[in-house]
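Data first, discussion second: the structure below is written as structure tokens.
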Amino acid sequence: MNKKYTYKTHLPKVNLPELESGKKKGVVFSREQLEILASGKISRVFGHFFEKQDHYERQVRMPTPPFLLADRVMALEGEPGSLSKGSITTETDVKEEAWYLHDRHMPTGIMIESGQADLLLASWLGIDFINQDKRVYRLLGCELCFHGPLAEVGDTLRYEIYVDHFTQCGDVSLMFFHYDCYVKDVLRVSVREGQAGFFNEQELRESKGVLWSPDQSEFSKTPRLDTPPCVSVYRNFNYRQIMAFAERKAYACFGRGFEYAATHQMSPTIQNNQLLLLHDIPCFDPAGGPLKRGYLRAIQHISKNDWFFKGHFKNDPCMPGTLMIEIGIQALSFYLAALGFTLNKDGWRFEPIKDYKILVRCRGQCLPSSQEVTYEIFVDEIIAEPKPTIFANLLVTVDGVRAFHARRFGLELVPDVPLTRRMHLLVNDPHSAADDGKNFIFDQNAMLSATWGNVNKAFGSYMDTVSPTRKIPRLPGPPYFFMSRVTHLTETIGSMKVGSKLIAEYDVPPEAWYFNDHDTRTMPLCVLMEVGLQPCGWLSTYVGCSTQTDKDIYFRNLDGNATEHQIITPSTKKLVTQVELKNISMLGELILLNFNVVVLANEKKVLTMETSFGYFTLNDFLKKIGLKPTEEELKYYQEIGNQYIELSNESDKFFKNSLRLPRKKILMFDRVTGIWKNLNKASLCYLRAVKIIDPNEWFFKSHFYQDPVQPGSLGCQALINLLKFYCIEENIAKDIQRPIFEPLMLEKILIWTYRGQVIPINNQVTILVEVLSVQSSLNSIEITARGSFWVDGLCIYRLERIGLRIVPEI
């Protein structure tokens, strides 16, 4: 920015000796020199002319680390000691290891504070020749405006800072300034009408504070006050709850109604590092404030040992005003979240509203001797869509003095995805992969992007038109993510063509969690099913199903049959899945698809499968159709329990012998509540088990991002596990030496039907298994059964045939 400003100074004239130059270009001061200017002798950097102020205990300085945020000075213009106009250009690098980072971004207050070199410029222009240890710098106010997103890791911020003029108000010196902040020559932040004063202790002590009252302030005449999605049941919050919110545990913080927040991958939140300075929220009132539009009051308790006093400033400790802004933003963020606006915004972030001017006034200070800082939010407007937004007056009071006020501060939630904050998961995939014909490679990083990332990073430019706020089907995320890359495609992306085929690969980790959790060191059925099913979901998006509507859509497995041909152990290096899209049926917004699937290991068949899926809208799920239960199913679902066998304690009987149940993630029920034997010739036994639904379940976080639902494959696994329980309970393998279960009876078909789902707000699932036969041979026992899976009284899954085999351990 080359515009020049000319103002006359009204300060007493300072007689200057001749200096070599008042203008420096290039890298003027290094980080090491800035640290000297912040805490050492000014003359070591500025030169001999400034030796006259070296003995002053208090000088106008930039903060010391960690609040010294400028990394270098790139340009300096202005006559030293002239107390006239001048300019300075600084740079700040946003590094991976930066102490202040939140979600890989620079927080708002820190980004404002990084334009701190007006202090250095004031010193260069000679303000301490006037102050002479008797006066200190305090910000009085400015007009802030963010023009782009918060800076992120890898950015370098360039601040062009201008002192426009100095003047006197009685004995108080005043400085007027402005600055612009750029990232890659694009304007990100502007500060106008910046004002700072230089005060003595008495003047600071006698400040009357900001002259602002909520009762006499102007609010919007016709505000937008959209209905919140879900208001927290609590009206005050302690530090433990605030910390829970900061740790992305919104359900633990806000309570009933926030169950979906427990499933978030990256719940919008505030800092949980040293910048978390909200200690107590004694009042949260969505109908509070002078106009009943909403009110929040938060408390920060002050200690003389607080970290921010140590560096801001040397021999003049006071809390940065920009830190008050940052804590105020935390309070605004908390308020929006307490109204439920983050529930449907997994992965999003809080940011100031763009191109919106905020008037800030400062008339007080927080010192080590202060006791308490109060942050009050007086809501003006609440906007739900397209991005949740709050406008509010922010008032900060220090021990009864109104120290800071921001008029109608605007904060919004902005779209983002979890993978942008998990960049360490992205790797260089050494294996070859297919592409979209435009050099976009469907490698491991693309697969991971299909779980938690931006969809155009998963499928290339074809998905550029998909709104970042829209929900589309995703692959499950780790640890239920079993697709490493796509190596072959027969059709172009978006073709919606029956007959489309793909070949996908899954690299099998020898120490995968499921080998450890399974009852043998083999791949459990639920995982093997997913190895076959997940490429079907990926192919459905690739052919274009997700772009047939602009609405949010959801992908569900409906029916299928599968036959396992061989057992997968940790020695298997890779599974190859071949998928063919056999049919597409469209009825309005409903899309039905059929697939044939073959999974191979070392070119030998592991699993063959036929399966169908559907694309649904949210309204389709609200119908809750379910499956019609048989009379016997209904009877044993409703029957009073005759057992209570707790399995969460992993007792020796069921978990320590060679014939044992799976553990942890794979078990999928808590206890057995019914065993009914000797029923009739057709049935040997009925068993019932239950699982209490916890919104924090691991599979909700994994399956799927923005669409948490229990995988149907885990429902199938639960039914198989209950059949395994029967075998152990009845000791049917007593004549086999070191018996073990096969994951599924090999070469026997498994048939399933799904007509419902388990979601975080459900209470309990019930598993029913009907044992049909037990047949023994020389070295094995074969057990057949059928079963059903229920949620809160609704039958949603049915397995018509379950086959299990017990064999000796080899």
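For region 23-205, treating each Cα as an identical point scatterer without solvent, what Debye log10 I(q)/I(0) comes out at q = 0.12, 0.13, 0.19 1/Å? For region 23-205 at q = 0.12, 0.13, 0.19 Å⁻¹, log10 I(q)/I(0) is -0.55, -0.64, -1.34.
Going through (i) 32.8, 112; (ii) 34.0, 108; (iii) 31.7, 99, the figure that equals Rg and Dmax of the Cα atoms in Å as computed for the structure here is (i). Using the average count of surrounding beta-carbon atoms within 10 Å as a protection proxy, the listed peptides 662-671, 729-738 rank, highest first, as 662-671, 729-738. Note that region 442-451 has calculated 3J(HN,Hα) couplings of 8, 9, 4, 5, 5, 5, 5, 5, 6, 8 Hz, one per residue in order, obtained from phi through the Karplus relation 6.51 cos²θ - 1.76 cosθ + 1.60 (θ = phi - 60°); glycine and proline are x.
Our coupling estimate for region 124-137, obtained by passing each phi through the Karplus curve with A = 6.51, B = -1.76, C = 1.60 and θ = phi - 60°, is 4, 7, x, 4, 6, 5, 8, 5, 6, 6, 9, 9, 10, 7 Hz, Gly and Pro reported as x. log₁₀ I(q)/I(0) of region 464-576 at q = 0.13, 0.15 Å⁻¹, via Debye over equal Cα point scatterers, no solvent, to two decimals? Listed by q, the Debye log ratios stand at -0.59, -0.76. The slack in the chain from LYS653 to THR617, taken as 0.36 nm per residue of separation less the alpha-carbon distance, amounts to 8.4 nm.
A simple spin-label model places the labels of ASP552 and GLN371 4.7 nm from each other, with each point 7 Å out along Cα-to-Cβ.
Counting only alpha carbon atoms, the long axis of helix 712-729 and the longest principal axis of the chain meet at about 50°. Note on region 631-808: Kirkwood hydrodynamic radius from all Cα pairs is 16.6 Å, rounded to one decimal. Under the convention that each Lys and Arg Cβ holds +1 and each Asp and Glu Cβ holds -1, the size of the dipole of region 239-416 around its Cα centre is about 260 debye. Spatial offset of region 695-742 relative to region 38-89 amounts to 68 Å, using the alpha carbon center of each. Using a simple spin-label model with pseudo-atoms 7 Å out from Cα toward Cβ, LYS635 and THR156 lie 7.9 nm apart. Judged by the mean number of other Cβ atoms found within 10 Å, the most tightly packed of the peptides 124-134, 632-642, 511-521 leads the ranking 124-134, 511-521, 632-642. Each residue of region 158-168 is assigned a 3J(HN,Hα), and the resulting list reads 10, 10, 9, 10, 10, 8, 7, 5, 10, 7, 10 Hz, derived from the Karplus form 6.51 cos²θ - 1.76 cosθ + 1.60 (θ = phi - 60°), x at Gly and Pro.
Compared with the dominant Cα axis of the chain, that is its longest principal axis, helix 321-338 is turned about 30°.
When +1 charges are put on Lys and Arg Cβ atoms and -1 charges on Asp and Glu Cβ atoms, the dipole computed for region 77-141 relative to its Cα centre reaches about 340 debye. Once the Cα atoms are used to define both axes, helix 525-543 deviates from the longest principal axis of the chain by about 60 degrees. Measuring max minus min along each principal axis, the C-alpha atoms of region 164-222 give extents of 44, 40, 17 Å (largest first).
Taking packing as the residue-averaged number of other Cβ atoms within 10 angstrom, the listed peptides 375-382, 300-307 run from highest to lowest as 375-382, 300-307. Semi-axis lengths, largest first, of the ellipsoid equivalent to region 554-672 are 33, 28, 13 Å, with √(5λ) applied to each eigenvalue of the Cα gyration tensor. Does a label point 7 Å from the Cα of THR492, set along Cα-to-beta-carbon, have any residues of region 565-605 with amide nitrogen under 20 Å, and which are they? Correct set: 581.
By the equivalent-ellipsoid construction on the alpha carbon gyration tensor, region 103-160 comes out with semi-axes of 29, 12, 10 Å, ordered largest to smallest.
Read-outs: derived from the displayed coordinates by stated rules, not from any lab. The structure presented is a predicted model; accordingly, all values stated were derived computationally and were not measured. Cβ: placed from backbone, ideal geometry, glycine included. Neighbour counts: every protein chain shown.
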